[in-house]
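Colleague: Dropping a structure here in structure tokens format, bear with me for questions.
The values are calculated or read from the model by the stated rules, or taken from the named source; none is laboratory data. Being a predicted model, the structure only gives us computed values, none of them experimental. As a convention, Cβ positions derive from the backbone with ideal geometry for all residues, glycine included, and neighbour counts pool all protein chains shown. Accessible surface areas use protein heavy atoms only, side chains included; no ligands, DNA or RNA. Shrake-Rupley method; radii C 1.70, N 1.55, O 1.52, S 1.80 Å.
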Amino acid sequence: MTQAVDVMMRMVDVVEPQILPAQQRIIPKAPAEPKQLAPGATPVKPVSSSPATTPAKKRKDTTTTNIPVKKDIPRPAGHKARKDDEPAPPPAKKTNMGVVLLKLSPAMKASFIHSLLSPSSSPYPFTATTTKGLSPLPLSRPYLRLHYQYPQLLNSNRYSRFAATHKFQNLVFPVGSSSQLSDDDIEVESDDEEEEDDVAAEEYDVVAGEIGGDSEQYEDEEDEEVLEATEGVGPRYEEFKWQRVERIRNEVREFGEDIIDVEELASVYDFRIDKFQRLSIQAFLKGSSVVVSAPTSSGKTLIAEAAAVATFSRGKRLFYTTPLKALSNQKFRDFRETFGDTNVGLLTGDSAVNKDAQILIMTTEILRNMLYRSVGTDSSESMLSDVDVIVLDEVHYLSDISRGTVWEEIVIYCPKQVQLICLSATVANPDELAGWIGQIHGKTELVTSSKRPVPLTWHFSTKTALLPLLDQKGTSMNRKLSLNQLQLDSSRDNVYKDENPRRRKSKKYQFDVPPLTKHDMNSIRRSQVPQVVDTLWHLKARDMLPAVWFIFSRKGCDAAVQYLEDCNLLDDCEITEVELALKKFRVKYPDAVRESSAKGLLRGVAAHHAGCLPLWKSFIEELFQKGLVKVVFATETLAAGINMPARTAVVSSLTKRIDSGRTFLSSNELLQMAGRAGRRGIDEKGHVVLLQTPYEGAEECCKVLFSGLEPLVSQFTASYGMVLNLLAGAKFARSSAESDDLNTSQSGRTLEEARKLVEQSFGNYVGSNVMLAAKEELARIQTEIQLLASEITDEAIDKKSKKLLSHTSYKEIADLQEELRVEKRIRSELRKRVEWERIYSLKPLLEELGNEHLPFMCLPHTDADGVLHQIPAVYLGKVDSLKTLKLKDMVHESESFALTNGRNSSDAEPEHAAEPSYYVALGSDNSWYLFTEKWIRTIYKTGFPNVALALDDALPHEIMSSLLDKGDMQWQKVADSEFGGLWCMEGSLETWSWSLNVPVLSSLSDDDEVLKFSEAYKNAVQCYKDQRNKVSRLKKKIARTEGFREYKKILDTAKFNEEKIRRLKARSLRLSTRIEQIEPSGWKEFLQISNVIHEVRALDINSHFIFPLGETAAAIRGENELWLGMVLRNKVLVDLKPAQLAAVCGGLVSEGIKVRAWKNNSYIYEASSTVMNVIAFLDELKSSLLDLQEKHGVKIPCCLDSQFAGMVEAWASGLTWREIMMECAMDEGDLARLLRRTIDLLAQVPKLPDVDPRLKSNAVKASSVMDRPPISELVG
């Protein structure tokens, strides 16, 4: 060791420049006396220091190292430099190792080198060579991570703050003991950095709120305070966070709880906490519950951690809940580093570690079940009697459709003496959430912040450029990204490429671009879609890595990794670190290695999605946090609280696939993913990159971005577990075979008491406020409508006209207006007569058609936007003549299809007029159309021959009629008129082939039309035209009168008021409908479930006696607790072997698991015949329960699937992971999730009441065998 130190010292001395005279050196102040350490802590001896030397000039460093430079990604083919490309920032300045060591005295150099060479240093060596004649020496990892991960910190005055927080192994530097760079150098470099920041700020403005920017005034004030606070700070000694927590705890023991304040809790951290964090901690210390709404990655966890420090120091308990097991595991690891292993516990569905600890991390469902057993009991007897604080992390999950009820139940059931800390991402209605909690739980303060600690810059990536998404103000889209601009650029390159350059640049040709059609827009978008490597090249060139790249499919993530396997993002040192880390992981978890991703990992790219094993995902997260993975391709689940911040977040698409098709991302979802960008303390700004896709461009991106935050919406629904736990009273305890003894140790709540709890939901709180506001708004609208209606009457217009016009002008206009009213009335009557004559002409033609063939016809209508649609269809016949009983009954019985509006005027109706009738046709769009004669434009000679296709086959007319009657009769009104409406209903797969044979209208000739009208119809049309011309001439005559200009102003005002009344009436109708829909949520479902429970004898809702089935179901966690209880109490499971029991349980929890066959992987294990027989037996039980649920209107699914039972049975039988996954048609992550769910259910069985002991024993055996790597989850 001594020899190595001498060699290292000699190596440094070789490159050391001339030492300045003593009077020119910067002599630091003597270090202050070290603070008293907490009792039991080991004192650290300060490292001796000597004056640092500062060279008079900057000299070119002659030291050379063999650390290679990273390979550049090749510029993608076809990339053209553009004037509007973002300028690439200059490369980050590198700090040479020799420069760092030159600033140290010989004693400090020796101490530093000793620490690097100590046996306890990192086991990963790296070699650095300086001058000839010196052997290479191993350098330990801490310095290299400093050198590569934080180069910018070594080149600025921020290094002193960094040195205070970065912990070297076996080495403690007193802050301020020596200067790393001369003051002049520091000032010059700082000015350069500030200048670059100003340029960047001018180039990219960010929009307010979460989209970026300075949204609160205190930002600049805080920066100034930080600078003032750091001036004149003397040297101090590094103290670990756990030591600071222990110090506060000891001070509380010595001086009492009153010493805990904001400043005391803030002293735990090496940085100044933000204003919203300070306000939240203050509210907590005052005894209030707190709702915190702040952007993703803004530091909300710090508030919970500070509350934990205060609670821990007081000797009380804190529960920390998260929505995900992975997030619970992560918080468990983080809190153990701060509070110690013995003081932190974990409680999830399948893990229980130190569950009596002061700080207990758990999933929300676990806490909800604990509250079930505590609600209504005396506070001293409650399981939460010693709990002071409950932290609800990610409380915006309250809007989750499947799990949101859990968060509401926790708030409703939580004892009022417990403080709640609710941490939420930015939402639109945090005030409503805080108001609800304050109303049902107690005093609650709301703290909101739209400020991001690291502001975001939004970019848009096309095939050839990375451009700012927003304009300079950050309030609208960058004009250079519009489709017209992209078309113009394309026109410059293509249309005018052979023209004279001067002509190309002229304004005449610059804007001589034809208007864009839909086809043109799609073509432009497709031509601008970037490949992964195109965007990645821009990110690397602009120093925007590391990045999290969101792709909304597992295959897409894996394909992107394989696509980049030839693009190296790591240098040789980093590759070596990854290789060593991968080797260690392979030794520890040989089955968890994802071999298909290993090659990409050595290139700096990885995939992270639900198809990966939890152990592998944790490994990827660890490498990413160390900077050894530069790009992670992930699905959106990564945005849900997992701590993987990056410099850049890339969103590949604005749409994602759901069960019902594709849907656009909400603004909340987009901002949640964008929140991964920007690492606090590392990045000055984060970057969000949105990509051009074939169907989405910058316009759609800005539309989503500026659409506004979505509010929290209650998803409160009743469940079997909720009803049983709230109503359960006395139990039937069987003491002998002959008699039943009633155990009345617990008294159940009455229905009225349960209703009061259920109606405290967030939805009811918001609903009551909404109803009150809606009623007030409705009353205001009705008053305004009445006022406007009084201003548009003939009397009001006449009164205004008299006031504004002269007597002569008024008289002339009034007479002409009266004449015009009469002529308009006549025109309207003639228009109706035309329609009656048309109907009379069409009726005989339509009745005789359809006998020999089914003719084609055209059905025109105009939609709400004024667009004319002409639908080609094949005529089937008159409704009354068809053999379609369902359709006939609907048309004759429903008031919606009544035909009375057209016969109000007897003057217009001819003597031979006939009432309109309904007819049916099948459109070319595979939709059935129900219509009257009003909607027929023309009928053609050609059509389907009404002839059987084969002997003994039915006629096409009969086949289509039967297909029509099979429909659900879900007709929707497309258009309406006084002569009947036009209705539409989707066809079926069987009608699809018929609709394909309906030709387009352009292929039908006008000569094929058979629609011939009578002379009476033609005369009526001519009369209508003449009257229309007469009305037109009269209008022109009025327009030429003397006072028409003033009169027209009155008419325009009346028309404006008429339009306003129309809009107000539409809004009034929507409000009235909304008020009718608002009802107390949850209670109706509660009663329906109560009826099911009563009928299956799980609980008597009248006496509240709970039966054994109800006891078992009440103790289960699951989606349908009653169904699980019925299965686990069935004697058919008792004789099963442990592996077979596991297989059946796997069939109960396999919902959402899918087969994902690809290439040659298309096999899954089949279950044994015994398991299949049991599942077949249980399927009959499932059918009976579903029938009972349908009877009472309950729609809770009952899962039972034999498809994956064989996979569970194979794993529970002891097969290795490699054997199971060989050519398996399931993703590793899906199988692991299924097995974890099965273990979770099996782990519950031993704790369930009134379950056969043999079943409990087998469940324990099965779960112990199954809970083995690689599916076992890390908890520490």
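Colleague: Looking only at region 962-1000, which residues are part of a loop (DSSP other than H, G, I, E, B) and of a type in the set (S, T, N, Q)?
Modeller: First, pick out the residues of region 962-1000 that are part of a loop (DSSP other than H, G, I, E, B): 967-971, 976-981, 987-988, 997-1000.
Within region 962-1000, Gln970, Ser977, Ser988, Asn997 qualify.
Colleague: When the residues of region 1221-1243 are narrowed to those that are in contact with a Cys (Cβ under 9 Å, 6 or more places away or on another chain) and open to solvent by 20 Å² or more (accessible area, probe 1.4 Å), which ends up farthest from Ala607 (Cα to Cα)?
Modeller: Once the filter is applied, the top-ranked residue is Arg1237.
Colleague: OK, next. Is it the case that region 612-630 has a residue that's part of a strand (DSSP E or B) and open to solvent by less than 20 Å² (accessible area, probe 1.4 Å)?
Modeller: Here is the first cut: in region 612-630, the ones part of a strand (DSSP E or B) are none.
There is no residue in region 612-630 that is part of a strand (DSSP E or B) and open to solvent by less than 20 Å² (accessible area, probe 1.4 Å).
Colleague: Now for a separate question. Of everything in region 930-941 that's open to solvent by 20 Å² or more (accessible area, probe 1.4 Å) and under 53 Å from the mean Cα position of the chain (by Cα), which residue is farthest from Leu996 (Cα to Cα)? Step through it out loud before you land on a result.
Modeller: If we filter region 930-941 for residues that are open to solvent by 20 Å² or more (accessible area, probe 1.4 Å), which is where we start, we get 934-935, 937, 941.
Checking which are under 53 Å from the mean Cα position of the chain (by Cα) leaves us with 934-935, 937.
Numbers: Lys934: 26, Trp935: 22, Arg937: 21 Å.
Here the answer is Lys934.
Colleague: Please tell me if Val1260 is in a loop (DSSP other than H, G, I, E, B) and either open to solvent by less than 20 Å² (accessible area, probe 1.4 Å) or at pLDDT 90 or above (or both). Talk me through it step by step, then tell me what you get.
Modeller: Details: in a loop (DSSP other than H, G, I, E, B): no; either open to solvent by less than 20 Å² (accessible area, probe 1.4 Å) or at pLDDT 90 or above (or both): yes.
Judged against the criteria, Val1260 is not a match.
Colleague: Follow-up. Any idea which of Ala1167, Ala1139, Ala1176 is among the hydrophobic types (A, V, I, L, M, F, W, C) and surrounded by fewer than 17 Cβ atoms within 10 Å (Cβ to Cβ)? Give the derivation first.
Modeller: Numbers: Ala1167 fails: surrounded by fewer than 17 Cβ atoms within 10 Å (Cβ to Cβ); Ala1139 fails: surrounded by fewer than 17 Cβ atoms within 10 Å (Cβ to Cβ).
When all the criteria are applied, what remains is Ala1176.
Colleague: Oh, and also: Pick from Tyr765, Tyr810: which is closer than 23 Å to Val1031 by Cα and of a type in the set (Phe, Trp, Tyr)?
Modeller: Numbers: Tyr765 fails: closer than 23 Å to Val1031 by Cα.
Residue meeting the stated conditions: Tyr810.
Colleague: Now for a separate question. Answer yes or no: is there a residue in region 1001-1008 that is in contact (Cβ under 8 Å) with a residue 12 or more places away in the chain and either in contact with a helix residue (DSSP H, G or I) (Cβ under 8 Å, 6 or more places away or on another chain) or assigned to a loop (DSSP other than H, G, I, E, B) (or both). Give the steps one after another, and end with the answer.
Modeller: Restricting attention to region 1001-1008, the residues satisfying the condition of being in contact (Cβ under 8 Å) with a residue 12 or more places away in the chain are 1001, 1004, 1008.
With either in contact with a helix residue (DSSP H, G or I) (Cβ under 8 Å, 6 or more places away or on another chain) or assigned to a loop (DSSP other than H, G, I, E, B) (or both) added as a condition, the list becomes 1004.
Yes: one or more hits.
Colleague: Oh, and also: Taking only region 1201-1219 into account, find how many residues are in a helix (DSSP H, G or I) and either of a type in the set (Gly, Ala, Ser) or closer than 16 Å to Ala1262 by Cβ (or both).
Modeller: As a first pass, look at region 1201-1219 and keep what is in a helix (DSSP H, G or I): 1205-1212, 1217-1219.
Next, from what is left, pick out any that are either of a type in the set (Gly, Ala, Ser) or closer than 16 Å to Ala1262 by Cβ (or both): 1205-1212.
Counting residues in region 1201-1219 that are in a helix (DSSP H, G or I) and either of a type in the set (Gly, Ala, Ser) or closer than 16 Å to Ala1262 by Cβ (or both) gives 8.
Colleague: Quick check, is Glu829 acidic (Asp, Glu), touching a residue at least 40 places away in the same chain (Cβ under 8 Å), surrounded by fewer than 20 Cβ atoms within 10 Å (Cβ to Cβ) and in a helix (DSSP H, G or I)? Let's see the steps before the verdict.
Modeller: Details: acidic (Asp, Glu): yes; touching a residue at least 40 places away in the same chain (Cβ under 8 Å): yes; surrounded by fewer than 20 Cβ atoms within 10 Å (Cβ to Cβ): yes; in a helix (DSSP H, G or I): yes.
It is true that Glu829 is acidic (Asp, Glu), touching a residue at least 40 places away in the same chain (Cβ under 8 Å), surrounded by fewer than 20 Cβ atoms within 10 Å (Cβ to Cβ) and in a helix (DSSP H, G or I).
Colleague: Taking helices (runs of 4 or more DSSP H) that do not extend beyond region 256-338, which have at least 3 residues that are crowded, with 19+ Cβ neighbours inside 10 Å?
Modeller: Working: elements: 262-266, 275-285, 300-314.
The qualifying helices (runs of 4 or more DSSP H) are 275-285, 300-314.
Colleague: Can you tell me how many residues within region 1026-1050 are farther than 18 Å from Val822 by Cβ and under 60 Å from the mean Cα position of the chain (by Cα)?
Modeller: Of the residues in that region, 8 qualify.
Colleague: Residues Ala607, Ala598: which one is among the small types (Gly, Ala, Ser) and in a helix (DSSP H, G or I)?
Modeller: Numbers: Ala607 fails: in a helix (DSSP H, G or I).
Among Ala607, Ala598, only Ala598 is among the small types (Gly, Ala, Ser) and in a helix (DSSP H, G or I).
Colleague: Quick check on my filter: what residues within region 370-381 are polar (S, T, N, Q) and at pLDDT 60 or above? Working first, answer last.
Modeller: Our first condition is that a residue be polar (S, T, N, Q); within region 370-381, this holds for 374, 377, 379-380.
Listed by number, the list holds a single entry, Ser374.
Colleague: Is it fair to say Asn1029 is in a helix (DSSP H, G or I) and in contact (Cβ under 8 Å) with a residue 40 or more places away in the chain? Let's see the steps before the verdict.
Modeller: Details: in a helix (DSSP H, G or I): yes; in contact (Cβ under 8 Å) with a residue 40 or more places away in the chain: no.
In short, no.
Colleague: Right, next: Of the numbered conditions (1) assigned to a loop (DSSP other than H, G, I, E, B); (2) open to solvent by 30 Å² or more (accessible area, probe 1.4 Å), Val1251 fails exactly one; give the number of that condition.
Modeller: Checking Val1251 against (1) assigned to a loop (DSSP other than H, G, I, E, B); (2) open to solvent by 30 Å² or more (accessible area, probe 1.4 Å), the one that fails is (2).
Colleague: Which residue, of Asp1187, Asp1227, is over 31 Å from the mean Cα position of the chain (by Cα) and of a type in the set (Asp, Glu)? Reasoning before the result, please.
Modeller: Details: Asp1227 fails: over 31 Å from the mean Cα position of the chain (by Cα).
Sole residue among the options that is over 31 Å from the mean Cα position of the chain (by Cα) and of a type in the set (Asp, Glu): Asp1187.
Colleague: Output yes when any residue across region 945-968 is β-branched (Val, Ile, Thr) and loosely packed, with under 15 Cβ neighbours inside 10 Å, and no when none is.
Modeller: Taking every residue of region 945-968 in turn, at least one turns out to be β-branched (Val, Ile, Thr) and loosely packed, with under 15 Cβ neighbours inside 10 Å.
Colleague: Test Pro1246 against the criterion of being open to solvent by 40 Å² or more (accessible area, probe 1.4 Å) and part of a helix (DSSP H, G or I), and give yes or no. Step through it out loud before you land on a result.
Modeller: Numbers: open to solvent by 40 Å² or more (accessible area, probe 1.4 Å): yes; part of a helix (DSSP H, G or I): yes.
Taking the combined requirement at face value, the residue satisfies it.
Colleague: Determine which single condition Glu710 fails, assuming it passes every other condition in (1) at pLDDT 85 or above; (2) open to solvent by 30 Å² or more (accessible area, probe 1.4 Å); (3) under 30 Å from Lys451 (Cβ atoms).
Modeller: Single failed check for Glu710: (1).
Colleague: Given the criterion under 20 Å from Ile366 (Cβ atoms) and polar (S, T, N, Q), identify the matching residue among Thr405, Thr462.
Modeller: Working: Thr462 fails: under 20 Å from Ile366 (Cβ atoms).
So the residue among Thr405, Thr462 that is under 20 Å from Ile366 (Cβ atoms) and polar (S, T, N, Q) is Thr405.
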